[in-house]
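In what follows, a structure is listed as structure tokens, so that the remarks can point back to it.
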Amino acid sequence: MVAQVVDHEPVAVATQVLLMPVLAAHLALAVPGPRPRLVRLVLVALGFSWLGDTVPRFLDGDAEFLSMVGGFLLAQIVFVLAFLPDRDRSVLARRRGWLVPYLLVFAALVAACLPHAGVLTPAVVVYGLLLLSMAVLSTGVHPLTWAGGAIFMVSDGLIALGEFATALPGDANIIAIMATYAVAQLLIVLGVTARSAQTERA
């Protein structure tokens, strides 16, 4: 964040690329093998997130954006698979009123982005549905993961608004995206770590 604020791009790039390996290392060390399915899949999702952070650095134009979306789309698929077994503990089965704000945010993002998405309209809808599913299912894992999933939805929403609609001024938008992204992934990892500890004690 400091590197972004002072516009020191080499440090900003290097530290962004290191974010997911650091979180993955923490999770791997905190939950030694044999690791439960939840932890294994979250490690895979962190790997795809790392690809979304890293691969675009070597590309330009549309390829840069599409490679980022591709990496995070795969990450969202794996997060959904990781959280799916806990769906009976999520807001899908309990406190269904909490679904309303998620659906409203999703609808607002789609309404803001689709008029400007063009040929990417199907991809925007599919990614939005995956992001919504991940955020909703994360509510069944642990309160920290619940918070992380919600903030992840905000972070990717800011990316979508920056790409397809109006958003914050350039630098402010980048800082807001990176701050929410880092916090979201951290909370997801901490929640999964805590959930694994609870399961082991049980």
Residue 14-residue 96 pseudo-label distance in nm [points 7 Å out on the Cα-to-Cβ vector]
5.3
Taking a crude spin-label model, label points 7 Å out from Cα along the C-beta direction, the residue 2 to residue 179 distance in nm is 1.6
Could you work out the local net charge near residue 70, counting Lys and Arg as +1, Asp and Glu as -1, over the other residues with Cβ closer than 15 Å to its Cβ?
-4
For the pair residue 40 and residue 126, what calculated FRET efficiency results from E = 1/(1 + (r/R0)^6), where r is the Cβ-Cβ distance and R0 = 35 Å, to the nearest 0.05?
0.90
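Normalised by the residues of the chain, what does the relative contact order come to in percent, with Cα pairs under 8 Å and at least six apart?
22
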Can you list the residues of the range 65-99 with backbone N under 20 Å from a point 7 Å past the Cα of residue 58, pointing along Cα to Cβ?
65-75
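Round to a whole number: what % of the accessible area of the range 1-70 belongs to carbon and sulfur, probe 1.4 Å?
Roughly 70 percent, rounded to a whole number.
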At R0 = 30 Å, FRET efficiency that the Cβ-Cβ distance of residue 65 and residue 201 yields, to 0.05:
0.10
Would you mind estimating how fast the chain diffuses translationally, via Stokes-Einstein at 25 °C and 0.890 mPa s with the Kirkwood radius over Cα pairs, in µm²/s?
142
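The values are calculated or read from the model by the stated rules, or taken from the named source; none is laboratory data. Because the structure is a prediction, the values reported are computed rather than measured. Positions of Cβ are generated from backbone atoms using ideal geometry, with glycine treated the same way; all protein chains shown enter the neighbour counts. Surface accessibility is based on the protein's heavy atoms, side chains included, excluding ligands, DNA and RNA. Shrake-Rupley method; radii C 1.70, N 1.55, O 1.52, S 1.80 Å.
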